[in-house]
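To start, the structure under review is shown below, and the notes come after it.
The values are calculated or read from the model by the stated rules, or taken from the named source; none is laboratory data. What you see is a predicted model; the values in this text were computed from it and never measured. FYI the Cβ positions are ideal-geometry reconstructions off the backbone, even for glycines, and counts take in every protein chain you see.
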Amino acid sequence: MSADLSPLLSVKGISKYYGAHIGCADVSFDLYPGEVMGIVGESGSGKSTLLNCMAGHLAPDAGEVVFDTRADGPKDTVTMSEPERRMLGRTDWAFVHQHARDGLRMGVSAGGNVGERLMAVGERHYGDIRGKATDWLGRVEIDADRIDDRPTTFSGGMQQRLQIARNLVTGPRLVFMDEPTGGLDVSVQARLLDLLRGLVRDMGLSAIIVTHDLAVVRLLADRLMVMKSGRVVESGLTDQVLDDPQHAYSQLLVSSVLQV
Amino acid sequence: MTEYNFAYLDEQTKRMIRRAILKGLAIPGYQVPFASREMPMPYGWGTGGVQVSAAVLTPEDRFKVIDQGADDTTNAVSIRSFFERTAGVATTTTTSEASVIQTRHRVPEEALTEDQILVYQVPIPEPLRFLEPRESETRKMHSLEEYGLMHVKLYEDIARHGHIATSYAYPVKVEGRYVMDPSPIPKFDNPKLGNMPAIQLFGAGREQRIYALPPYTQVVSLDFEDHPFEASKADHSCGLCGATDSYLDEVITDDQGGRMFVCSDTDYCEGRRAAGFFGEMSAENPSAPTMTTQRNLEFQT
């Protein structure tokens, strides 16, 4: 953790209801620069709802999401204007979808996909954009000669890596990840996790990772929140929660993992 | 004609369209929704342009219609006769004499004046349409000025073809604010849009949108710093009038590979020929082989 003591993201009492149903209720936590937070829980436990509320894709019914912006310091992103929030969404924030198809433009070449965020923030030099795109494809281990190929010709793992490159090209400070390894086979998962861990450490990124795969949080996350029925039932350091779960549900979750 | 109201549409409809036009003029490049009417012609034949023309025409106007620059093609002839019958306005083929010009896919070569209105027929008014299919999203992108995607299209062009291959409907930015589709005019015409003394109105009937450029509006074609916008045309001179500065159509003349380039603006070409200019394939050119003799020569060899 860096010496900077003010949190990068401070979530206070986020609640989201779908009618009478609870999406997530009264979730609060602080995320410090360079920290990776894992959110685990079974399907329907409100992980994705929480992530979407924090990333501004859903409007929470209550609570604040205070982000430490570069220009104006801490600001509540729930009440900030939409242009500001969308600007954050393509500069300081990144969102990695579970399905690469949701996060990529499938009809646009790999280079165009990576370059889109650059062009969205005003880059207007083709050579520079292409140079950065090539550089980033290299960093996510995609051959430079695939730069003009469409993502439809890529494998699932490559698409996911391309999505990561596309998100990180503008140097965001906070990455939201929704099941980044879902739907990939284990060897590809391992490579992707390795890559993600390297990028997070090298760039000093903060990240919030939603997953149901405990191995992913074991490898990537510094801290862990366990969610059940829309509420956080346990939180703490990853190793602490996984090795000595206190809540009955956390114990169930940890013991459900097949030991090979 | 007494059966029709002046210029076909009823007064309330024209009033509604004029309101959309005024709003469009007040916000240059912004697509104003309007309640497009069913017109006695199929969509894609200029229903938007016709409604805009009907709303701006007055009995004193002189009307000109061009289709790809030509006054004598089906679309131009039928729309011209439509307004001759329903509005009884005078028509002309001479650009400088017309006060309202409806056009499909061209801007006349002759510079327009403050006394003229240019009405464009627009098939798809949304420049972001093929990049972002959701209308709700494109509207948001316009309102928040998120135009990065437009450059993605140009990027793809360069990545695939080595240069910006978009040659018509080339996107422009109006007064540093709205990105606009200039209708499918060749990009050769793009520079004429900016700072034009005439009023430019764009009507899309099927898509129910009207947008406008008031006189002397700044219009900039989008590009990259290292791949600047270029107004391109065929690298030839007009075969009939010899013009080197006009946009040219390529016409196939036989099945032996014979072809000629002629001005797409027929009025401009005729004007030049009347003034004594001629091109290398024109009948007045003594050194030019006529088409028949050319064919005979080929037979002999």
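B:Asp71 - would you say it is touching a strand residue (DSSP E or B) at 6+ places or on another chain (Cβ under 6 Å), among the acidic types (Asp, Glu), crowded, with 16+ Cβ neighbours inside 10 Å and more than 21 Å from B:Gln208 (Cβ to Cβ)? When the stated conditions are applied, B:Asp71 does not pass them. Annotation for the stretch A:216-234: no member residue is at pLDDT 90 or above, over 20 Å from the mean Cα position of the chain (by Cα) and loosely packed, with under 14 Cβ neighbours inside 10 Å. Here B:Gln116 passes the criteria (1) among the polar types (S, T, N, Q); (2) more than 14 Å from chain A (Cβ to nearest Cβ); (3) loosely packed, with under 14 Cβ neighbours inside 10 Å except the one numbered (3). Of all residues in the stretch A:180-187, at least one satisfies being surrounded by 22 or more Cβ atoms within 10 Å (Cβ to Cβ), out of contact with any Phe, Trp or Tyr (no Cβ under 7 Å at 6 or more places or on another chain) and either closer than 22 Å to A:Gly236 by Cβ or not hydroxyl-bearing (Ser, Thr, Tyr) (or both).
For the stretch B:51-67, indicate whether the set of residues that are surrounded by fewer than 20 Cβ atoms within 10 Å (Cβ to Cβ), assigned to a helix (DSSP H, G or I), in contact with a Lys or Arg (Cβ under 7 Å, 6 or more places away or on another chain) and not hydroxyl-bearing (Ser, Thr, Tyr) is non-empty. Checked the stretch B:51-67: no residue is surrounded by fewer than 20 Cβ atoms within 10 Å (Cβ to Cβ), assigned to a helix (DSSP H, G or I), in contact with a Lys or Arg (Cβ under 7 Å, 6 or more places away or on another chain) and not hydroxyl-bearing (Ser, Thr, Tyr). Looking across the stretch A:78-130, the residues that are buried (at least 21 other Cβ atoms within 10 Å of the Cβ), away from chain B (no Cβ under 13 Å) and touching a Leu at 6+ places or on another chain (Cβ under 8 Å) come down to A:Trp93, A:Ala94, A:Ala100. Are any of the residues in the stretch B:179-194 touching a Pro at 6+ places or on another chain (Cβ under 9 Å), within 14 Å of chain A (Cβ to nearest Cβ) and touching a residue at least 12 places away in the same chain (Cβ under 8 Å)? The answer is yes, given that some residue of the stretch B:179-194 is touching a Pro at 6+ places or on another chain (Cβ under 9 Å), within 14 Å of chain A (Cβ to nearest Cβ) and touching a residue at least 12 places away in the same chain (Cβ under 8 Å). Filtered by the rule that a residue be under 30 Å from B:Thr244 (Cβ atoms), within 13 Å of chain A (Cβ to nearest Cβ) and in contact (Cβ under 8 Å) with a residue 24 or more places away in the chain, the stretch B:119-160 gives B:Leu154, B:Ile158.
Can you confirm whether A:Glu141 is among the acidic types (Asp, Glu) and touching a residue at least 60 places away in the same chain (Cβ under 8 Å)? So A:Glu141 does not fit the description; no. If only residues of the stretch A:141-178 that are outside any helix (DSSP H, G or I) and among the acidic types (Asp, Glu) are counted, the one that is nearest to the other protein chains (Cβ to nearest Cβ) is A:Asp148. Could you check the stretch A:210-260 and list, in sequence order, the residues that are under 24 Å from A:Gly198 (Cα atoms), without any contact (Cβ under 8 Å) to a residue 60 or more places away in the chain and of a type outside the set (Asp, Glu)? Correct list: A:Ala215, A:Arg218, A:Leu219, A:Gly236, A:Leu237, A:Gln240, A:Val241, A:Leu242. Residues of the stretch B:174-203 being within 23 Å of B:Phe34 (Cβ to Cβ) and assigned to a strand (DSSP E or B), which ones? Passing the criteria: B:Val174, B:Tyr178, B:Val179, B:Met180, B:Ile199, B:Gln200, B:Leu201, B:Phe202, B:Gly203.
To keep it simple, each residue is scored yes or no on (1) in a loop (DSSP other than H, G, I, E, B); (2) surrounded by fewer than 19 Cβ atoms within 10 Å (Cβ to Cβ); (3) within 14 Å of chain A (Cβ to nearest Cβ).
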{"position": "B:Val220", "(1), (2), (3)": "no, yes, yes"}
{"position": "B:Ser232", "(1), (2), (3)": "yes, yes, no"}
{"position": "B:Asp245", "(1), (2), (3)": "yes, yes, no"}
{"position": "B:Glu250", "(1), (2), (3)": "no, yes, no"}
{"position": "B:Gly257", "(1), (2), (3)": "yes, yes, no"}
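Is the stretch A:179-187 home to any residue that is in contact with a helix residue (DSSP H, G or I) (Cβ under 9 Å, 6 or more places away or on another chain), polar (S, T, N, Q) and in a loop (DSSP other than H, G, I, E, B)? Yes, the stretch A:179-187 contains at least one residue that is in contact with a helix residue (DSSP H, G or I) (Cβ under 9 Å, 6 or more places away or on another chain), polar (S, T, N, Q) and in a loop (DSSP other than H, G, I, E, B). Applying the selection to the stretch A:155-213, what residues are under 21 Å from A:Asn113 (Cα atoms) and among the polar types (S, T, N, Q)? Selection gives A:Ser155, A:Gln159, A:Gln160, A:Gln163, A:Asn167, A:Thr170, A:Thr181. Out of everything in the stretch B:137-173 that is of a type in the set (Asp, Glu) and part of a loop (DSSP other than H, G, I, E, B), what residue ends up being surrounded by the fewest Cβ atoms within 10 Å (Cβ to Cβ)? The selected residue is B:Glu145.
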